[in-house]
Amino acid sequence: MSKSLAFFRGKIVPSQEANVSISTHALHYGTGVFEGIRGNWNAEHKTMYVFRMKEHYERLILGCKMLMLDIPYSVTDLCEITENLIRECGYQEDIYIRPLAYKSEELVANLKLHELSSDFALIMIPFGSYIDSDGAISCCTSSWRRIDDTIIPPRVKITGTYVNGILAKTEAILAGFDEAIMLNQDGAVSEGTGENLFMVVGNEIHTPLISDNNLTGITRDCAITLAASELGLEVIQRRLRRSELYLSDEVFLTGTAAHITPVGKIDNRSIGDGKVGPITEKLRTIYARTVRGNNPKYKHWCHPVKMGNSS
Ligand code: PMP
């Protein structure tokens with residue numbers, strides 16, 4: 001049997017006891033950084049594979065630096081805390097792991113990061129697919145522009161910045177699309193609301209630069225690495241224009257929650273033949289195997305948490 005537990009104020013507690021005050025700074029101003037990590041259950045191995053946990057925590061620590069969040073844990077500590085909580089919860093299914101470092105000060109009228117206390121919390125929940133579609137999804141170009149590095153740094157996961165993506169995602173869903181693609185302030189292609197973006201033209205794969213206001217995606221890094229090592233294709237990082245996407249052969253999105261998601265339509269125009277393209281299909285299949293600990297070459301990306309023999 002699994003239990004719903006959280007790591008909160010330095011210890012493991014039942015989730016319903018992990019509560020903050022209404023005066024908490026992060027609740028008012030979005031002064032937190034978070035991660036989304038997947039634990040992928042491999043029933044055959046009786047093991048939870050936590051995918052690229054170290055890299056996620058390295059990015060969290062960079063976010064902490066950005067927001068002057070002083071938490072008393074190293075990347076190694078955070079990995080250990082996560083592993084312990086997984087064991088205590090006892091999930092034997094795919095999970096989504098959500099660490100959050102936040103300004104925990106219970107005093108709202110203070111905008112000076114350096115004066116505010118910080119804390120770290122961790123929750124995890126059973127989690128299946130994020131975008132409900134086996135085939136290629138339909139996207140629109142959002143009317144909302146991606147936040148700029150001169151506004152709030154987009155390369156780390158600051159909680160407050162997610163209002164930007166939430167506005168875009170909501171607009172897209174209410175208009176009948178599956179996801180939004182955002183342009184940056186210069187009109188260049190940025191990313192999805194929770195995914196980085198790739199475009200395939202012939203045998204070439206292109207993706208926007210991180211400096212075009214994109215998150216330093218870990219799945220993005222996986223796609224770049226796997227494209228090179230498994231498909232022999234080097235990914236070109238450059239500035240992309242919206243019209244290039246319309247005329248490309250394939251577009252796909254990458255993210256911890258979304259995995260590798262093919263895009264079949266953008267703004268009601270078919271991308272290629274509108275179906276899952278061959279390069280996307282290959283990458284998606286390799287990635288799916290890799291995250292579940294079934295690709296020996298990339299076993300080092302999977303942090304194994306062996307679960308007891310009960311079921
Ligand atoms: N962009 C944004 C805005 C995101 O929230 C995410 C999800 N973390 C991504 C891209 C993909 O990043 P990753 O592959 O590290 O999950």
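The values are calculated or read from the model by the stated rules, or taken from the named source; none is laboratory data. All of these numbers come straight from a predicted model, not from anything done at the bench. Neighbour counts are summed over all protein chains in view; Cβ atoms, including those assigned to glycine, are modelled from backbone coordinates with ideal geometry.
Below is a table of values for the structure above.
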| read-out | value |
| --- | --- |
| Residue in the range 1-33 that is surrounded by the fewest Cβ atoms within 10 Å (Cβ to Cβ), counting only those that are without any contact (Cβ under 8 Å) to a residue 24 or more places away in the chain and among the β-branched types (Val, Ile, Thr) | 22 |
| Count - residues of the range 250-271 that are buried (at least 20 other Cβ atoms within 10 Å of the Cβ), among the small types (Gly, Ala, Ser) and farther than 22 Å from residue 127 by Cβ | 1 |
| Among (1) on the phi > 0 side of the Ramachandran plot; (2) within 13 Å of the ligand (Cβ to nearest atom), the one test that residue 90 misses | (2) |
| The range 19-74, residues that are within 18 Å of residue 111 (Cα to Cα) and outside any loop (DSSP other than H, G, I, E, B) | 25, 26, 27, 28, 29, 32, 33, 63, 64, 65, 66 |
| Subset of the range 181-197 [without any contact (Cβ under 8 Å) to a residue 60 or more places away in the chain and away from the ligand (no atom under 11 Å from the Cβ)] | 183, 184, 185, 186, 187, 188, 189 |
| Answer from 205, 166, 131, 173 - the residue that is within 14 Å of the ligand (Cβ to nearest atom) and at pLDDT 95 or above | 166 |
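Residues are listed down the side, and each one gets a yes or a no for (1) within 16 Å of the ligand (Cβ to nearest atom); (2) closer than 27 Å to residue 66 by Cα; (3) of a type in the set (A, V, I, L, M):
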residue	(1), (2), (3)
95	yes, no, yes
100	yes, yes, yes
106	no, yes, no
110	no, yes, no
115	no, yes, no
138	no, no, no
145	yes, yes, no
